[in-house]
Amino acid sequence: MNNLRLIFAAVGVAAVVAGCVFSQNAYIENSDFDLALPAFDKSAGMMTIGVFQNLSGADSRYLCRRSDGQMIKREYLRWVMAPELLLQRRMYGAFTVDPYGAEKLPRIGCTLLRFEFDEGAAAAKFSAEFFIEREGKRRIIRVDESEPLKGAFTGASGAAAMSACVDRAMNVLKGALKK
């Protein structure tokens, strides 16, 4: 009787161990990425930062649009912070920012509309409406940028393509501030 219990116990332990070994998924490490931060442009105009909001649907995970329109979030490819904060921080490299909001300076706000990757087009897609408020007047500058991915879609190729989109958006803003 004791031998029978021992055999059942051994078979049970073997079944549990085999189930654990064969049902395990491969470990995938999270990878965090950032937008490229070029050297500070001392010649850029001074400004203050207004409200930045994110209507893109993107969060800290990479947001991808499939060819059938389905939106998926890549669980293992992440931004170091939310897209609207990445964009807001990028303003500090593109402009001289007065955090105290001097009334004479233009104030720039933003509504982020797209911050995603189009899998069918193999490209980063960035769209935003920037608001420039100066001397009681408000202008809206719409920016739509796309950058093809270099090679296969990876976290690094996605971050590089999105950085290129954001760099072009900053150049559009610089031009708008000079007008």
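Below, the figures for the structure above:
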read-out: For region 131-179, alpha-carbon Rg relative to the globular expectation (2.2 N^0.38 Å, N residues); value: 1.50
read-out: Full-stretch length increase - LYS178, ALA122 - with 0.36 nm per residue and alpha-carbon distance subtracted; value: 16.8 nm
read-out: Measure of compaction for region 30-178 (Cα Rg per 2.2 N^0.38 Å); value: 1.05
read-out: Whole-number D in µm² s⁻¹ for region 65-133, Kirkwood Cα-pair radius fed into Stokes-Einstein, 4 °C, 1.567 mPa s; value: 90 µm²/s
read-out: In Hz, Karplus ³J(HN,Hα) per residue of region 131-148 (6.51, -1.76, 1.60; θ = phi - 60°; x = Gly, Pro); value: 10, 10, 10, 8, 6, x, 10, 10, 10, 10, 10, 8, 10, 10, 10, 9, 9, x
read-out: Residue-by-residue Karplus 3J(HN,Hα) for region 76-81, coefficients 6.51, -1.76, 1.60, Hz, glycine and proline x; value: 9, 10, 9, 8, 5, 7
read-out: FRET efficiency, 1/(1 + (r/R0)^6) with R0 22 Å, evaluated for LYS150 and ASP68 via beta carbons; value: 0.30
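Laboratory data are not the source of any read-out in this text; all were calculated from the coordinates shown. Given the structure is predicted, the values throughout are model-derived calculations rather than measurements. Glycine gets a Cβ as well: all are built from the backbone with ideal geometry, and neighbour counts include every protein chain shown.
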